[in-house]
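*Asks:* The structure is given below, and queries will be raised subsequently.
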């Protein structure tokens, strides 16, 4: 049975109070759908970039955005990592909005399958490791940590899942999410993809904070600002069996909650102080246009006619509204007219 050691320090308590206050402020605000749409898209791009970058993916943010926009074929491994993470993140966000996802061992396995798809041998997809592993310092390439033996992994991961489920409602969700994150990294249950799986699984637990606009935030962003600090705080140095009885989660929980505050405040600065109005309200058919463009790269008036049963004159107004909102731009003339996402200046 997992009994994590940690102390509710003044700093940690203050962080929890501040997070609850910021979350309450967000939940009491109402923002135009167009603002929320743009922020959600940006958050997915940042999350995908930062979480794969933490693990050594060399692609810059500009390349990540382009890959997610164009969905190229014949991907290199670095590009496949990006596509996999984004798909897993999109699916989680959809399920979280619908309230159709709950934390479980099966959820962890499904996330792992997605993030390492086409990157590891098939027998390793969603399968707990059956071999010993070691963790190297990303800079020196020297081994710094020896995780628990493979025969102990099933018990340890089940203890962790049980801890999370049994303590919901008893322990602050922020504490539970933080403990899960670090303990998962300590166990290192899979041959590859542990960090990405840990961060996506942690997102599900952070959703318990009851933040209505949860999909607007990239909680991985803080870690990528100082990867060395992240690995030092979340990880353990030495042999697991030598360290297990002395592991204390306090410093990590302080760092973890610092990161949540940092991201909440980052997004808060981005949100414009505007009220919902007919000029800024984006309806479902507007969102369909934007989603189509993101998948195909552009949309023609003929394409839009196939997406909706709205009258021709109304369809023209729909496209014009998105142009006026500076979300898309018109290209071509006459029958060759099409619309693309407007490039940010």
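*Asks:* Specify the residue that is surrounded by the most Cβ atoms within 10 Å (Cβ to Cβ); the eligible residues are those in the stretch 133-150 that are in a loop (DSSP other than H, G, I, E, B) and touching a strand residue (DSSP E or B) at 6+ places or on another chain (Cβ under 8 Å).
*Replies:* To start, the set of residues in the stretch 133-150 that are in a loop (DSSP other than H, G, I, E, B) comprises 133-134, 137-142, 147-149.
Of the ones still in play, those that are also touching a strand residue (DSSP E or B) at 6+ places or on another chain (Cβ under 8 Å) are 134, 137, 142, 147.
Working: 134: 11, 137: 15, 142: 7, 147: 23.
My answer is 147.
*Asks:* Which one of these is modelled with pLDDT under 85, surrounded by 12 or more Cβ atoms within 10 Å (Cβ to Cβ) and farther than 26 Å from residue 25 by Cβ: 326, 294? Before the answer, list the steps.
*Replies:* Working: 326 fails: surrounded by 12 or more Cβ atoms within 10 Å (Cβ to Cβ).
None of the others qualify; the one that does is 294.
*Asks:* Filter the stretch 288-345 down to residues that are touching a helix residue (DSSP H, G or I) at 6+ places or on another chain (Cβ under 7 Å) and part of a loop (DSSP other than H, G, I, E, B) and give me whichever is farthest from residue 62 (Cα to Cα).
*Replies:* Restricting to residues being touching a helix residue (DSSP H, G or I) at 6+ places or on another chain (Cβ under 7 Å) and part of a loop (DSSP other than H, G, I, E, B), the top hit is 310.
*Asks:* What's the number of the only condition in (1) more than 25 Å from residue 83 (Cα to Cα); (2) outside any helix (DSSP H, G or I); (3) in contact (Cβ under 8 Å) with a residue 60 or more places away in the chain that residue 174 fails to meet?
*Replies:* Condition (2) is where residue 174 drops out.
*Asks:* Return the residues of the stretch 232-245 that are closer than 21 Å to residue 85 by Cβ and surrounded by fewer than 19 Cβ atoms within 10 Å (Cβ to Cβ); say none if nothing qualifies. First the steps, then the outcome.
*Replies:* In the first step, residues of the stretch 232-245 are kept if they are closer than 21 Å to residue 85 by Cβ; the result is 234-235.
Selection gives 235 alone.
*Asks:* Pick out, from the stretch 1-84, the helices (runs of 4 or more DSSP H) lying fully within it that include 1 or more residues that are over 21 Å from residue 296 (Cα atoms). Working first, answer last.
*Replies:* Details: elements: 10-27, 33-54, 61-70.
Helices (runs of 4 or more DSSP H) meeting the threshold: 10-27, 33-54.
*Asks:* Would you call residue 153 assigned to a helix (DSSP H, G or I) and within 20 Å of residue 96 (Cβ to Cβ)? Steps first, please.
*Replies:* Numbers: assigned to a helix (DSSP H, G or I): yes; within 20 Å of residue 96 (Cβ to Cβ): no.
No, not satisfied.
*Asks:* Of the residues that sit in the stretch 262-287 and are closer than 25 Å to residue 221 by Cα and out of contact with any helix residue (DSSP H, G or I) (no Cβ under 8 Å at 6 or more places or on another chain), which one is modelled with the lowest pLDDT? I'd like the intermediate steps shown before the answer.
*Replies:* Of the residues in the stretch 262-287, the ones closer than 25 Å to residue 221 by Cα are 262-273.
From what's left, out of contact with any helix residue (DSSP H, G or I) (no Cβ under 8 Å at 6 or more places or on another chain): 269, 273.
On the way: 269: 83, 273: 48.
Ranking the qualifying residues of the stretch 262-287, first place goes to 273.
*Asks:* Still on this structure: Can you work out which of the residues in the stretch 71-94 that are modelled with pLDDT under 90 and within 13 Å of the chain's Cα centre (by Cα) is farthest from residue 42 (Cα to Cα)? Break it down into steps so the answer makes sense when it comes.
*Replies:* Applying the first criterion (modelled with pLDDT under 90) to the stretch 71-94 yields 71-74, 93-94.
Retained after the next criterion (residues that are within 13 Å of the chain's Cα centre (by Cα)): 93-94.
Values: 93: 13, 94: 16 Å.
Checked the stretch 71-94; the qualifying residue farthest from residue 42 (Cα to Cα) is 94.
*Asks:* Further question on the same structure: If you go through the stretch 232-268 one residue at a time, how many are within 28 Å of residue 47 (Cα to Cα) and in a helix (DSSP H, G or I)?
*Replies:* Counting residues in the stretch 232-268 that are within 28 Å of residue 47 (Cα to Cα) and in a helix (DSSP H, G or I) gives 22.
Yes/no per residue for (1) part of a helix (DSSP H, G or I); (2) crowded, with 23+ Cβ neighbours inside 10 Å; (3) under 10 Å from the mean Cα position of the chain (by Cα); (4) not assigned by TED's automatic domain parsing to the domain that holds residue 157:
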{"position": "200", "(1), (2), (3), (4)": "yes, yes, yes, no"}
{"position": "212", "(1), (2), (3), (4)": "no, no, no, no"}
{"position": "224", "(1), (2), (3), (4)": "yes, no, no, no"}
{"position": "230", "(1), (2), (3), (4)": "yes, no, no, no"}
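*Asks:* Now for a different question. Do you know which of the residues in the stretch 162-193 that are farther than 22 Å from residue 231 by Cα and under 20 Å from the mean Cα position of the chain (by Cα) is surrounded by the most Cβ atoms within 10 Å (Cβ to Cβ)?
*Replies:* Of the residues in the stretch 162-193, the ones farther than 22 Å from residue 231 by Cα are 162-173.
Of the ones still in play, those that are also under 20 Å from the mean Cα position of the chain (by Cα) are 164, 173.
Working: 164: 23, 173: 18.
Restricting to residues being farther than 22 Å from residue 231 by Cα and under 20 Å from the mean Cα position of the chain (by Cα), the top hit is 164.
The values are calculated or read from the model by the stated rules, or taken from the named source; none is laboratory data. Quick caveat, the model's predicted, so the values are computed rather than measured. As a convention, Cβ positions derive from the backbone with ideal geometry for all residues, glycine included, and neighbour counts pool all protein chains shown.
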